[in-house]
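*Asks:* Below you'll find the structure I mean.
What follows is calculated from the coordinates using simple rules that are stated; it is not laboratory data. Quick caveat: nothing in here was measured; it's all calculated off a predicted structure. A quick note on method: Cβ atoms are made from the backbone with ideal geometry, for glycine too, and the neighbour counts reach across all protein chains shown.
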Amino acid sequence: MLFIAQSFNVQAQDAIVAELPEIQKVNPGQQNGDQIFTEVDEIPEFPNGQDALMKYLMENLRYPTEARNNRIQGTVFVTFVVEKDGSITDVKTLRGVAPSLDEESIRVVKAMPKWKPGILKGEPVRVQFNLPLRFVLDPLPPKMLSRKENEIPKGMKRFHDYRICFYL
């Protein structure tokens, strides 16, 4: 399987794991049109590269309010297939954190534009791809730790207490 991240810090509890079809490594000489590959000569690529993927994720991925209010953090691993034409299919949570974070991750991946497809022996092929999305909340300031959960001190704004990290 292909991971575009170099390191992971999963803080998930009660992870949700999707049942995935078994994907077997195939001798390139024995390939058929529907085979999903995990090893190819050229891996699939988001249009205009990894920097563009980072920009897309930063502009489109939102920290769900429920997860933010409950201070839920962790890394959602999303798996999908990049088709021969570059379209994204079979989007599933490989390892989840919480339903709201998992759903947001899947929503953003399903909305992605077509990728440059994976290439094997000069031909485009279907490729399994895994994408980790890490949701991290900044620590609360000491003033907020002693307050009720929904009470925000004067002059502070709730939307400043979270960020989403991408390891590409």
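*Asks:* Once you put a point 7 Å from the Cα of S87 and another 7 Å from the Cα of E103, both along the Cβ direction, what distance in nm separates them?
*Replies:* Roughly 2.5 nm, to one decimal.
*Asks:* What's the local net charge at I106, with K and R +1, D and E -1, over the other residues with C-beta under 12 Å away?
*Replies:* With Lys, Arg at +1 and Asp, Glu at -1, the neighbours total -1.
*Asks:* Hey, can you rank 87-97, 60-70 by average C-beta count inside 10 Å, highest first?
*Replies:* My ranking of the peptides, most packed first, is 87-97, 60-70.
*Asks:* Once amide H atoms are built 1.01 Å from N in the peptide plane, which residues 5 or more positions from S87, or in another chain, come under 5 Å H to H?
*Replies:* Under 5 Å from the amide H of S87 lie the amide H atoms of W115, each far enough along the sequence or on another chain.
*Asks:* 5 Å is the cut-off here: which amide hydrogens, built 1.01 Å from N in the peptide plane, fall below it relative to D41, excluding neighbours closer than 5 in sequence?
*Replies:* Sorted by chain and number, the residues that satisfy this are I119, L120, K121.
*Asks:* Here is a follow-up. Starting from the 7 Å offset along Cα-to-Cβ, what nm value, one decimal, do you get for the label separation of E123 and R71?
*Replies:* 5.5 nm
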